[in-house]
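The values are calculated or read from the model by the stated rules, or taken from the named source; none is laboratory data. Quantities reported herein were computed from a predicted structural model and do not represent experimental measurements. Virtual Cβ from ideal backbone geometry, glycine too; neighbours counted across all protein chains shown.
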Ligand code: ADP
Ligand code: MG
Ligand code: ZN
């Protein structure tokens, strides 16, 4: 028994108790349900006529009567048969049995020996259970690198040593910002003294956020590889799936383990499975909540300088509990976005290194063809191309193989993993320039920083980023209205240029409606209602929306005002775009070619 941690000692008796309870339950189940089934022997149903014949032939050894049937034991050529037949009202029968000297109305004998009974009743279940127990134990230990159901208390945890499956930053291409952000952590793990000397605390938790397939899991491994420290990896769902009621205990065990191996990295993949917002009202999953609470407690429990750094990954940061994100826990977020043109080239190069190529591959062409593809999709494209080469009887991959595999994947891919067609890209380009142009033509709006038509996390097919020159805490009515115009600019451009509208503006519409509604119900920017509060309550701490506190009649007026406000902003945006139609065309063509342009490029063309 390893008694290194006091925690460990306290826990073991409880585990034992669980263990015994489960054993008792299984033995009882076995005795009540399974055993009778096993003990049941083959019983032949015969006719009464057969029965009487057998009696007369002297083959019947024993007979047992019940109200509904006659059970009898018949011996034929040394073989014993258990038979039964229906009851016939025959007063002669007992006399006949008496005459033949057959033992009747007695219990059917031939019960198994006492030894066999005990063996079946107790031996077998315990044997089965201990076998299952050992299997489960093995699973737990290997999966989470901690004690699992280990009743002996020793924990032969599996630790992912850096050399076992080493990934380095070289394996992760095109995520330079993320690498830079994580560099500090690697430096800390290699050199904790430097930080301690000055009294600086390393961040405890770093959250990797981004769409699926952008290399979050890969990046976490690479960080451990770069720092040469052990890497504990567990997926959020593993906490909840295996044993009901064990989630919190597993978190505890994981952290016990990690602290012993410090400095090290603990990686929790798909943390949103346990880290969802805890709602007020009816809780639907106590198990998950306990696990989350335990995680929060553990994160507070260890000192920042112990050298345990927790990485977590999620593609749904918006559902995470705010408590997880507060300082001292996952206070750092590192974004892993879908790669742009250069990023895609780099990723393709990384994966092309693994396959044999004869000619020089036109990586740029393939990268241009795959706007919107994630790293995982690009890896897949390279692999598909290699498979195709094999199918064609070649021994190396060519550019043509890659082109072909891109097309297969576009045709087969869902719209969700949007790789856009030329036509769609054109619409998206006009849409984004629409936003940017409206913003640029307003006075006092934040300058455009970046425009891109590379699809994004949120499902947006592109975006226009504006950055304020100074931090703004107060927003004027004028600002809010201009913001509405900018949001309407995308849809307005589609209408002005193509004379049609698409679903691409759904996110803009949502945002615009929210702003307009807040202007009227929260900020008193409405002419009709003035400073009347039309929305109350709401828990800002947990980010809940408030409730409307007005009569149905007023609610209708509010809706009308929201509608009119947005309509006015839409018209405003359309006017701006129509007055600047040439610039709109010129800028869109440029964006279409470059995919991502900086605010500077935008302003240069606009100012020409
Ligand atoms: P995520 O965890 O973000 O969903 P993964 O890390 O599991 O994505 O990535 C899946 C695979 O895609 C990786 O094993 C790797 O082969 C490939 N991949 C993803 N992003 C990159 C990248 N930036 N550079 C190289 N390969 C990548
Ligand atoms: Mg992953
Ligand atoms: Zn838009």
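Among the residues of the stretch 467-490, count how many are within 22 Å of residue 524 (Cβ to Cβ) and either more than 13 Å from ligand 3 (Cβ to nearest atom) or modelled with pLDDT under 80 (or both).
Count: 11.
Restricting the search to the stretch 473-501, which residues are touching a helix residue (DSSP H, G or I) at 6+ places or on another chain (Cβ under 6 Å) and more than 21 Å from residue 462 (Cα to Cα)?
480
Any residue in the stretch 114-125 that's assigned by TED's automatic domain parsing to the domain that holds residue 31: show its pairings with residues that are part of a helix (DSSP H, G or I) and surrounded by fewer than 11 Cβ atoms within 10 Å (Cβ to Cβ) at Cβ separation under 8 Å, as long as the two are six or more apart or on different chains.
Listed by first residue and then by second, the contacts come to 120/38.
Please go through the stretch 351-407 and give me each residue that is within 16 Å of ligand 2 (Cβ to nearest atom) and in a loop (DSSP other than H, G, I, E, B), ordered by number.
So in the stretch 351-407, the residues within 16 Å of ligand 2 (Cβ to nearest atom) come out as 374-380.
Passing the criteria: only 374.
When the residues of the stretch 193-220 are narrowed to those that are touching a residue at least 12 places away in the same chain (Cβ under 8 Å) and more than 12 Å from residue 336 (Cα to Cα), which ends up nearest to ligand 2 (Cβ to nearest atom)? Break it down stepwise before answering.
Residues of the stretch 193-220 that are touching a residue at least 12 places away in the same chain (Cβ under 8 Å), as a first pass: 195-196, 201-220.
This time we only want the ones that are more than 12 Å from residue 336 (Cα to Cα), so: 195-196, 201-206.
On the way: 195: 29, 196: 33, 201: 28, 202: 24, 203: 21, 204: 21, 205: 17, 206: 15 Å.
Result: 206.
Kindly indicate whether residue 296 is assigned to a helix (DSSP H, G or I), out of contact with any strand residue (DSSP E or B) (no Cβ under 6 Å at 6 or more places or on another chain) and either surrounded by fewer than 23 Cβ atoms within 10 Å (Cβ to Cβ) or on the phi < 0 side of the Ramachandran plot (or both).
yes
I'm checking my understanding of the structure. Among residues of the stretch 324-342 that are under 25 Å from the mean Cα position of the chain (by Cα) and in a helix (DSSP H, G or I), which one is surrounded by the most Cβ atoms within 10 Å (Cβ to Cβ)?
Checking each candidate, the answer is 324.
Residue-wise test of (1) in contact with a strand residue (DSSP E or B) (Cβ under 9 Å, 6 or more places away or on another chain); (2) surrounded by 15 or more Cβ atoms within 10 Å (Cβ to Cβ).
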site	(1), (2)
358	yes, no
365	no, no
388	yes, yes
397	yes, yes
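Which of the residues that make up the stretch 54-65 are in contact with a strand residue (DSSP E or B) (Cβ under 9 Å, 6 or more places away or on another chain) and within 17 Å of residue 90 (Cα to Cα)?
Matches in the stretch 54-65: 54, 55, 63, 64, 65.
Out of the residues in the stretch 91-104 that are at pLDDT 80 or above and assigned to a loop (DSSP other than H, G, I, E, B), which is nearest to the chain's Cα centre (by Cα)?
102
List the number of the failed condition for residue 24; all other conditions in (1) over 60 Å from the mean Cα position of the chain (by Cα); (2) at pLDDT 80 or above hold.
(1)
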